[in-house]
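Here the structure comes first, spelled out in structure tokens, and everything after it is commentary.
Nothing in this text is a laboratory measurement; each read-out follows from the coordinates by a stated rule. No experiment lies behind these values; they were computed from the predicted model shown. Here the Cβ is made from the backbone with ideal geometry for all residues, glycine too, and neighbour counts use every protein chain on show.
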Amino acid sequence: MSKGLFITFEGIDGCGKSTQLNLLKEEFTKQGIEFIEVREPGGTRVGEKIRTILLDRKNDSMTRMAELLLFEAARAQITEEVIIPALEKGVNVICDRFYDSTTAYQGYANKMGRDLTDFLNLKATNETYPDITLLLDIDPETACRRRSERGEADRIEALGLAYQEAVREGYLELAKSEERIKVLDADRTPEAIYEEIHNLIWDLIS
Ligand SMILES: Nc1ncnc2c1ncn2[C@@H]1O[C@H](COP(=O)(O)OP(=O)(O)OP(=O)(O)O)[C@@H](O)[C@H]1O
Ligand SMILES: [Mg+2]
């Protein structure tokens, strides 16, 4: 049996990850292609508890190192408990954020450095690499406008436009050296973006 495809969606807050992921799920479901969806951080009993701590605005005294290690703890749990077993059974895994988020947010925007985040990412995932990563690239103002239509910002979203711009730059820098990361212009209609995603993924599964 061949292994499942490991597909991840990345990009700044409000870039359209969930929208595109839902379109892919719909198409997989229609075509009877087996998949599971996992959410980072979270997706396991332990991980969901960690997610609550990370997104709670009351936890603004959290240090950067504590935040980084919590993300990696949730990732270690979901990789071993959910992602690796699914891929080995031939089930595709669709993930809303994975370790590239840590590289972009903690490694670049929080200036903790790629040496540290690369090392922790590899250890937490036991070197489980996505087969393809869809990076939805958009300017933070456009993403912010979309987001504000949805109500309150969470702790990370509340950090502001300059921060989102630093995250965006981090993602783009990372994409330069990773063939698996596909940079998509996310300032288009959902349908236009999805057409590109469909073509990239069907190239891999056929
Ligand atoms: N291509 C698009 N054009 C216009 N609006 C869009 C597009 N894609 C998504 N939106 C809208 O923008 C908002 C953010 O989209 P979405 O929730 O998919 O982003 P996200 O990356 O998952 O955000 P978050 O990081 O907060 O989870 C939603 O209100 C969504 O309906
Ligand atoms: Mg989302």
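Worth a mention:
- In nm, spacing of pseudo-spin labels at E179 and K58 (7 Å Cα→C-beta vector): 4.9 nm
- Mean Cα-pair separation over length for the chain, i.e. relative contact order, pairs under 8 Å, 6 or more apart, %: 33 percent
- In plain terms, the C-alpha convex hull of the chain casts an average shadow of 11.1 nm² when viewed from every direction.
- Sorting the segments 124-130, 51-57 by their residues' average number of neighbouring beta-carbon atoms within 10 angstrom, most packed first, yields 124-130, 51-57.
- The charge dipole of the chain, taken about its Cα centre with unit charges on the Cβ atoms of Lys, Arg (+1), Asp and Glu (-1) only, comes to about 580 debye.
- For the stretch 25-139, the relative contact order is 29 percent, taking Cα pairs closer than 8 Å that sit 6 or more residues apart in sequence and dividing their mean separation by the residue count.
- For the chain, built as a Gaussian network whose Cα springs stay under 10 Å, the top-fluctuating residue of C144, C15, C95: C144
- Extreme residue, positive dipole direction of the chain, given options F6, A162, T52 (C-beta unit charges): T52
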